[in-house]
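First up is the structure itself, then whatever we jot down about it.
All of the numbers you see were taken from the coordinates with simple rules; none came from a lab. Fair warning: this is a prediction, and the values are worked out from it, not measured in the lab. Every residue, glycine as well, gets a Cβ built from its backbone with ideal geometry; the counts of neighbours run over all protein chains shown.
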Amino acid sequence: MKETLKPWDWNFIQEGNVVAHSGDAAIDAMLYDGAGGRQDWYVFEELYGLHPSAVQKITHKETIEILNRHATVKANDQPGADEFYRRFAVFVAAFRREDPWCNYLQYGHLNPTCAAYWSLLELQI
């Protein structure tokens, strides 16, 4: 079931500029751990593109950097953001099909996740 973001959730994202510049998807994902953890996972997913539990499994920094870049674009409403979001959606779809323990960057541009990753890096945003 898809959650609908509430106005205060958007405020959290808008104010996420500080988080996006000094925060980190891997660190922020830990805020959702345990019984006392945050419950608004849909806000995290809107900011970083993946569920906190999925981010906790990521072992390579390049993926975390792409998620952080998404948060920065989201928080700043930059020119060219629509193309970034389109390419990011392709990356996330490919990443979700990947084995979380493999490094997709080792397989070259024939690997859909690797190709989507480099496509994102090409953007000057």
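All other residues with a Cβ under 12 Å from the Cβ of Tyr32 taken together, and with Lys, Arg as +1 and Asp, Glu as -1, what is their net charge? Let's see the in-between values first.
On the way: positive: Arg38; negative: Asp28, Asp33, Asp40, Glu45.
With Lys, Arg at +1 and Asp, Glu at -1, the net is -3.
Sticking with the crude label model, points 7 Å out along Cα→Cβ, report the distance from Leu31 to Lys6 in nm, one decimal please.
Result for the modelled spin labels: 1.6 nm.
Based on the mean of other Cβ atoms within 10 Å per residue, sort peptides 110-122, 27-39 so the most packed one is first. Mind showing how you got there, number by number?
Values: 110-122: 16.3, 27-39: 12.6.
Ranked by mean Cβ neighbours within 10 Å, highest first: 110-122, 27-39.
Give me the distance in nm between label points sitting 7 Å out from Cα along the Cα-to-Cβ direction at Trp41 and Glu122, one decimal.
Inter-label distance under the simple model: 3.4 nm.
For a quick check: sort Thr63, Thr72 by the number of other beta carbons within 10 angstrom, fewest at the front.
Values: Thr63 23, Thr72 18.
Lowest count first: Thr72, Thr63.
Answer rounded, prolate or oblate for the range 7-122, using the Cα gyration tensor with square roots of eigenvalues a ≥ b ≥ c: rounded when a/c is under 1.5, else prolate when a/b is larger than b/c, else oblate. Before the final figure, lay out each step's value.
Details: a/c = 2.18, a/b = 1.28, b/c = 1.70.
It comes out oblate by the Cα gyration axes.
Within 15 Å, Cβ to Cβ, of Gln78, how many net charges do the neighbouring residues add up to if Lys/Arg are +1 and Asp/Glu are -1?
Details: positive: Arg69, Lys74, Arg86, Arg87; negative: Asp77, Asp82, Glu83.
Net charge in that neighbourhood comes out at +1.
Please give the length that would be gained between Lys61 and Asn76 if that part of the chain were fully extended, namely 0.36 nm times their separation in residues minus their C-alpha to C-alpha distance (nm, one decimal). Spell out each step's value before the answer.
Working: separation 15, 0.36 × 15 = 5.40 nm, distance 2.23 nm.
Difference between extended and current length: 3.2 nm.
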